[in-house]
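Reading through the structure tokens given below for one structure.
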Amino acid sequence: MTLLPLTILGQNNNDDSTAKKIVNKFFEIGWKAGLNFDSSGNVLNLSNEFNNIDDAKGSVNGFNIGLYTQIKLSKLYVRPELHFSKFGTNFENITVGQSRIELPVSIGFKIFPLLSAFGGLSYRLDLGNTGDFSLESISGDSSAGIHFGVRIHLGKFGIDARIERGISENEANLLSNNNINIGKIDNRSTQASLGISLAF
């Protein structure tokens, strides 16, 4: 009388284990984080208080953190990501901080078992800014971009390097603390990032 329930219980455990293996074979979810480098926007129509535009150009450094999912199809995979990104622009005497929600979607191809190349589109929603100077959006709070890069796969752990470039027009007025317009920034910048990911 006791063997039947034990047998049924064992079958259920085996079924759950088989289903989990099938899901893990084709689907992955996890968290990601990274650093952003050298992604300053182009400064346009700068006021005369700066010697020249070249002196006002700098770099953007920041971070991103969020989640990803990955659908695996043999050597191909589709990878949507959702993360919060924050960065600060440091010019000669301008400090502008920005934050945004980013949704990149990549299609990747495994060149080798441990290495893949990927590329895709990104949607970005600006959340606001901080710093000595502020930005006032001219052409919208959202923008689109393209990205490409390479990823190293080490089991549940991954390392990727990517380049992203804005493709939709997205300019912003650069305002002083007194709300005086001192120039414009074209946010269609080229951004390099280095990230890590870990599957659940």
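For (1) modelled with pLDDT under 95; (2) among the hydroxyl-bearing types (Ser, Thr, Tyr); (3) assigned to a strand (DSSP E or B); (4) closer than 20 Å to residue 195 by Cα, each residue gets a yes or a no:
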| site | (1), (2), (3), (4) |
| --- | --- |
| 92 | yes, no, no, no |
| 107 | no, no, yes, yes |
| 116 | no, yes, yes, yes |
| 121 | no, no, yes, yes |
| 140 | yes, no, no, no |
| 145 | yes, no, yes, yes |
* Structure fact -> Within the range 164-200, of all residues that are of a type in the set (Val, Ile, Thr), at pLDDT below 95 and part of a strand (DSSP E or B), the one nearest to residue 64 (Cα to Cα) is 190
* Name the single residue, out of those in the range 1-35 being modelled with pLDDT under 85 and of a type in the set (D, E, K, R), that is farthest from the chain's Cα centre (by Cα). => 15
* To do: Report whether or not residue 161 is at pLDDT 90 or above and in a strand (DSSP E or B).
  => yes
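The values are calculated or read from the model by the stated rules, or taken from the named source; none is laboratory data. Predicted model, so just to flag it, every value in this text is computed and none were measured.
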